[in-house]
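Submitted below is the structure of interest, expressed as structure tokens.
The values are calculated or read from the model by the stated rules, or taken from the named source; none is laboratory data. Predicted model only: the values in this text are computed from it and were never measured. Glycine also receives a Cβ, built like all others from the backbone with ideal geometry; neighbour counts cover every protein chain displayed.
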Amino acid sequence: MPELPEVETVVRGLQATLPGRRILDVRLGKTDFIEDPAALERDLPGRRVSGVRRHGKFLVVSLERSGGDAANSSLLIHLGMTGQILVCPPEAPVAAHTHVFLGLDDGREFRYVDIRRFGRMQLLANGFRGSGLEELGLDPLEATIEQFAALVGSRRARIKALLLDQRVLRGMGNIYTDESLWRARIHPARLGSNLKDREVRRLYRAMRGVLNEAIRLRGSSISDYVDSEGNRGEFQLRHRVYQRLGRKCFRCGGLIRRRIVAGRSSYFCPACQRAPRTGRKRRR
């Protein structure tokens, strides 16, 4: 599933092409991933795109009516596992499983492609009300070290679970959680409240470093992810633990292992990322 760097890459691509464009028409294919398809067909034509931004793993396309009146809205998009967004000429070949076409006033089309249709699309009229986005936590790239330390240190939950919890940090996923923990030398099963101050700070720096590097390399293309121009990312070439089971650790040469933590496959180096003590006392 696309995570923060992939969504941020798509957003930055769309920021260069969509703002200022007016939506002329809407054509829909399969709509089981769209909340109220009739609302898109009825309300999108005539709207002008005023901005594109990311909120966690969601894309938010801000829209305004003709004349710039106060009745603005937003198109909320989640890419799910296989969602792709392309802006291209209408004569460009149409990929299989293209379900949304938005005709733009510069002659191009906004296309949404989704093989498995695990994504989500919804037109919001009143901010984030009723969308669930208001329940999401801090953005990892916006949180200060003090905010991050308070979130981690106040919870007796495994650090892998904390980083994946969207109510704590919005946008983190399995890939970048594993990569961040490896860089910080922290085992995914450690409790957040048991981390020392220096470990929390090391994890904060590692997380931000991984995310920014992944954004610079346009995300990780492991399966279906491409950016808004149809190009694959390159950060998968820099993965140090994710999906490297049985291969040598780049740091110490030990073998990468996999363990289920917080219900997710977690890749780590048992030599660099020491497992937490069980707390069991030896019997005399």
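Whether any residue in the range 154-164 is in contact (Cβ under 8 Å) with a residue 12 or more places away in the chain, within 23 Å of R244 (Cα to Cα) and assigned to a loop (DSSP other than H, G, I, E, B) is what I want to check.
So the first thing to find is which residues in the range 154-164 are in contact (Cβ under 8 Å) with a residue 12 or more places away in the chain, and the list is 154-164.
Now narrow it down to the ones that are within 23 Å of R244 (Cα to Cα): 158-164.
Going one step further and asking which of them are assigned to a loop (DSSP other than H, G, I, E, B), we end up with none.
Within the range 154-164, none of the residues are in contact (Cβ under 8 Å) with a residue 12 or more places away in the chain, within 23 Å of R244 (Cα to Cα) and assigned to a loop (DSSP other than H, G, I, E, B).
If a residue counts only when it is touching an Asp or Glu at 6+ places or on another chain (Cβ under 9 Å), which strands (runs of 3 or more DSSP E) contained entirely in the range 86-125 have at least 3 such residues?
98-104, 120-124
Sticking with this structure for a sec: State whether the residues of the range 226-239 include one that is closer than 25 Å to T144 by Cβ, charged (D, E, K, R) and outside the structural domain of R117 (by TED's automatic domain parsing).
no
Among (1) modelled with pLDDT of 95 or more; (2) in contact with a Lys or Arg (Cβ under 8 Å, 6 or more places away or on another chain), where does R264 come up short?
Checking R264 against (1) modelled with pLDDT of 95 or more; (2) in contact with a Lys or Arg (Cβ under 8 Å, 6 or more places away or on another chain), the one that fails is (1).
So which of T17, T9 is crowded, with 17+ Cβ neighbours inside 10 Å, touching a residue at least 12 places away in the same chain (Cβ under 8 Å) and touching a strand residue (DSSP E or B) at 6+ places or on another chain (Cβ under 6 Å)? Steps first, answer last, please.
Values: T9 fails: touching a strand residue (DSSP E or B) at 6+ places or on another chain (Cβ under 6 Å).
Residue meeting the stated conditions: T17.
A further question on this structure: Kindly indicate whether any position in the range 256-263 is among the small types (G, A, S) and at negative phi.
Of all residues in the range 256-263, those among the small types (G, A, S) come to 262-263.
Subsequent filtering for residues that are at negative phi retains none.
Taking every residue of the range 256-263 in turn, none turns out to be among the small types (G, A, S) and at negative phi.
Of the residues that make up the range 91-105, is at least one modelled with pLDDT of 95 or more, within 19 Å of the chain's Cα centre (by Cα) and surrounded by 14 or more Cβ atoms within 10 Å (Cβ to Cβ)?
no
Right, next: Suppose we filter the range 179-231 for residues that are within 18 Å of R274 (Cα to Cα) and either touching a residue at least 12 places away in the same chain (Cβ under 8 Å) or in contact with a strand residue (DSSP E or B) (Cβ under 6 Å, 6 or more places away or on another chain) (or both); how many remain? Lay out the reasoning, then the answer.
Of the residues in the range 179-231, the ones within 18 Å of R274 (Cα to Cα) are 179-203, 206.
Those still in the list that are either touching a residue at least 12 places away in the same chain (Cβ under 8 Å) or in contact with a strand residue (DSSP E or B) (Cβ under 6 Å, 6 or more places away or on another chain) (or both) too: 179-195, 197, 199-203, 206.
The number of residues fulfilling the criteria is 24.
Let me ask another. Is the range 130-138 home to any residue that is among the hydrophobic types (A, V, I, L, M, F, W, C), closer than 18 Å to G56 by Cα and outside any loop (DSSP other than H, G, I, E, B)?
Within the range 130-138, one or more residues are among the hydrophobic types (A, V, I, L, M, F, W, C), closer than 18 Å to G56 by Cα and outside any loop (DSSP other than H, G, I, E, B).
Any idea which of (1) crowded, with 20+ Cβ neighbours inside 10 Å; (2) within 19 Å of R54 (Cα to Cα); (3) more than 14 Å from the chain's Cα centre (by Cα) is the one R170 doesn't satisfy?
The one condition R170 does not meet is (3).
Right, another one. List every residue pair whose Cβ atoms sit under 8 Å apart, with the two residues 6 or more apart in sequence or on different chains, where the first one lies in the range 26-49 and is hydroxyl-bearing (S, T, Y) and the second, anywhere, is crowded, with 16+ Cβ neighbours inside 10 Å.
Final answer for the pair search is T31/P37; T31/H99.
Within the range 253-276, take every residue that is more than 14 Å from I175 (Cβ to Cβ) and charged (D, E, K, R) and give me the one that is surrounded by the most Cβ atoms within 10 Å (Cβ to Cβ).
R257
What do you reckon, is M121 in contact (Cβ under 8 Å) with a residue 60 or more places away in the chain, closer than 19 Å to D36 by Cβ and not β-branched (V, I, T)?
Numbers: in contact (Cβ under 8 Å) with a residue 60 or more places away in the chain: yes; closer than 19 Å to D36 by Cβ: yes; not β-branched (V, I, T): yes.
Yes; evaluated as a whole, the condition is true for this residue.
Look at R283 and say whether it is outside the structural domain of A95 (by TED's automatic domain parsing), surrounded by 14 or more Cβ atoms within 10 Å (Cβ to Cβ) and either at pLDDT 95 or above or not in a strand (DSSP E or B) (or both). If you could, list the steps in order and put the result at the bottom.
On the way: outside the structural domain of A95 (by TED's automatic domain parsing): yes; surrounded by 14 or more Cβ atoms within 10 Å (Cβ to Cβ): no; either at pLDDT 95 or above or not in a strand (DSSP E or B) (or both): yes.
So R283 does not fit the description; no.
Now for a separate question. Tell me, yes or no, whether the range 54-62 has at least one residue that is of a type in the set (A, V, I, L, M), touching a Pro at 6+ places or on another chain (Cβ under 8 Å) and buried (at least 17 other Cβ atoms within 10 Å of the Cβ). Walk me through it before giving the result.
So the first thing to find is which residues in the range 54-62 are of a type in the set (A, V, I, L, M), and the list is 59-61.
Now drop any that are not touching a Pro at 6+ places or on another chain (Cβ under 8 Å), which leaves none.
No, the range 54-62 contains no residue that is of a type in the set (A, V, I, L, M), touching a Pro at 6+ places or on another chain (Cβ under 8 Å) and buried (at least 17 other Cβ atoms within 10 Å of the Cβ).
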